[in-house]
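Quick notes on the structure that follows.
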Amino acid sequence: MKYTFQDSTELPVQRDFIQDLQDFIRISKEVIPLEKSIIKIKQANIEEIGVSRSRLEEIERFQKEVTDCVEEYARRIESREILEIKSRTIEACANTSLLKKNEKLEEIDKQNRLAIIEVRQLEDRILSTLGPFFDASIYGAEHTYYASTEDRKLKGWQVSSVNGIRYEFEMNFVQDTLKVEDFQKLALPVRSKSGFLSREEKVKKLDVSGFYITNIEYGKNITRITLEDKDAENRFMISSDGGTFLVIHGDHEITGDEKLAPAIDKDSLSILIMKIKEFFTESVVLKRLRLILMNGKNAVEENVIFDCLKLIAGIYGKLAEECIERGYTKGEITIKIEEPGSVRTEKYISKSEASSELSSLGPEGNILAGILGVSEDRKFNGY
């Protein structure tokens with residue numbers, strides 16, 4: 001599949017931009033109301049707790065005033081019976097006040113817990129809604145993938161970033177453990193002593209095919225893999241930047257050893273690295289968006305998801321503008337799709353349609369429409 005502008009120039013991102021734009025509008029229409037609901041719940045909770053705390057202050061103030069009044073009234077009285085009544089009155093007032101304060105504190109605690117549950121449910125809905133879009137449709141993001149064995153089970157996660165946004169996915173794989181032989185056979189050179197008298201050191205190829213892969217880091221510029229045998233007595237760390245390899249056995253650098261380095265099968269290592277990269281796309285059975293950070297702060301908890309959407313709209317807006325400039329109809333965002341067999345089709349969305357869809361969100365939608373360049377009101381551009 002090949003994607004081009006209407007003038008047949010290739011799109012800088014080989015994706016169905018119209019579909020991604022429609023998906024962006026759809027998830028914005030779902031997520032922004034959810035974030036607004038969270039903000040309302042938090043604000044209502046703050047207000048209700050404020051009222052409850054005022055009631056607590058009233059109870060404490062009333063108790064103090066009653067106590068002071070009784071104390072003052074009985075200040076010059078020496079009658080044992082009256083003094084007993086005074087003590088019991090003050091005690092009864094204190095006990096009743098304490099009871100009512102505890103009831104009010106329980107109300108505050110219950111209100112807090114209910115608000116937290118409701119907010120977390122909405123936050124989970126935001127993350128699940130954004131997950132598929134963030135997984136594939138944010139252009140220019142850099143991705144780093146990790147996997148490690150925890151409690152004898154292989155777990156993975158993906159960390160991505162673009163324009164001040166950092167987001168993380170957790171991943172589950174087809175298998176719980178991973179061995180080198182799951183990809184290919186591999187042997188690495190090590191030093192070995194032989195002979196009963198001389199104990200001469202020789203180069204030996206150690207078959208690591210049965211070793212477990214316990215840690216993986218795969219990013220744009222580097223790939224790191226850790227291999228361990230069953231008892232973790234032998235550990236290898238393999239790194240590659242795409243052009244060179246670094247292989248370490250325990251504390252010894254094999255690639256820096258003049259006797260061992262020539263015995264490294266770099267072709268086998270290259271194949272292993274390539275298959276490790278494919279593993280993160282072909283062997284994932286579950287992928288869940290778990291965190292979005294904006295400028296280091298939790299975007300969901302801080303209620304700045306709309307700000308994240310504005311940044312993404314800025315990325316999309318540049319491409320939308322170029323689509324319009326290279327198109328034949330200025331009121332449409334159009335791309336061409338070339339399918340196998342040279343079948344060509346055009347796909348478009350009108351600016352008015354996109355603007356109308358977003359306007360249903362109110363001011364937030366109008367802002368996004370302006371950033372995307374589909375609004376007639378250009379004052380929102382350059383947010």
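The values are calculated or read from the model by the stated rules, or taken from the named source; none is laboratory data. This one's a predicted model, so the numbers in the text were calculated from it and none came from an experiment. With ideal geometry, Cβ positions are generated from the backbone for all residues, glycine too; neighbour counts draw on all protein chains shown. We work out accessible area using only protein heavy atoms, side chains counted, and drop any ligands, DNA or RNA first. Shrake-Rupley method; radii C 1.70, N 1.55, O 1.52, S 1.80 Å.
Can you work out which of the residues in segment 40-78 that are within 60 Å of the chain's Cα centre (by Cα) and among the basic types (Lys, Arg) is most open to solvent (accessible area, probe 1.4 Å)? So the residue we want is Lys40.
As a summary of the residue check, Leu11 satisfies the conditions (1) farther than 24 Å from Thr129 by Cα; (2) of a type outside the set (Asp, Glu); (3) open to solvent by 20 Å² or more (accessible area, probe 1.4 Å) except for the one numbered (3). Is it the case that some residue within segment 319-334 is crowded, with 20+ Cβ neighbours inside 10 Å and within 27 Å of Val119 (Cβ to Cβ)? No: segment 319-334 contains no residue that is crowded, with 20+ Cβ neighbours inside 10 Å and within 27 Å of Val119 (Cβ to Cβ).
Cβ-Cβ contacts under 8 Å between residues 6 or more apart (or on different chains), taken from a first residue in segment 368-383 that is modelled with pLDDT of 95 or more and surrounded by 11 or more Cβ atoms within 10 Å (Cβ to Cβ) to a second residue that is assigned to a loop (DSSP other than H, G, I, E, B) and hydrophobic (A, V, I, L, M, F, W, C), are listed as Leu368/Leu361.
Among residues of segment 249-290 being touching a Phe, Trp or Tyr at 6+ places or on another chain (Cβ under 7 Å), open to solvent by 20 Å² or more (accessible area, probe 1.4 Å) and assigned to a strand (DSSP E or B), the one that is nearest to Leu178 (Cα to Cα) is Val284. Scanning segment 304-350 for residues that are outside any strand (DSSP E or B), among the charged types (D, E, K, R) and without any contact (Cβ under 8 Å) to a residue 24 or more places away in the chain yields Asp307, Lys318, Glu325, Lys330.
Checked against (1) modelled with pLDDT under 95; (2) open to solvent by less than 40 Å² (accessible area, probe 1.4 Å); (3) within 18 Å of Arg290 (Cβ to Cβ), Val190 passes all but a single condition, namely (3). Filtered by the rule that a residue be open to solvent by less than 50 Å² (accessible area, probe 1.4 Å) and over 20 Å from Gly156 (Cα atoms), segment 214-231 gives a lone residue, Asp229. Out of curiosity, is Ile108 open to solvent by less than 80 Å² (accessible area, probe 1.4 Å), among the β-branched types (Val, Ile, Thr), out of contact with any Asp or Glu (no Cβ under 8 Å at 6 or more places or on another chain) and modelled with pLDDT of 95 or more? So Ile108 fails the test. Looking across segment 193-213 at every residue that is at pLDDT 85 or above and open to solvent by less than 80 Å² (accessible area, probe 1.4 Å), the one that is nearest to the chain's Cα centre (by Cα) is identified as Ile213. Among the residues examined, Thr4 does not qualify as of a type in the set (S, T, N, Q), open to solvent by 40 Å² or more (accessible area, probe 1.4 Å), at pLDDT below 95 and closer than 30 Å to Thr345 by Cα. Taken together, Ile18, Ile32 contain a single residue that is in contact with a helix residue (DSSP H, G or I) (Cβ under 7 Å, 6 or more places away or on another chain) and open to solvent by less than 80 Å² (accessible area, probe 1.4 Å), which is Ile32. The residue list Ile312, Ile337, Ile305 contains one member that is open to solvent by less than 70 Å² (accessible area, probe 1.4 Å), in contact with a Phe, Trp or Tyr (Cβ under 8 Å, 6 or more places away or on another chain) and either at pLDDT 95 or above or closer than 30 Å to Lys155 by Cβ (or both), which is Ile312.
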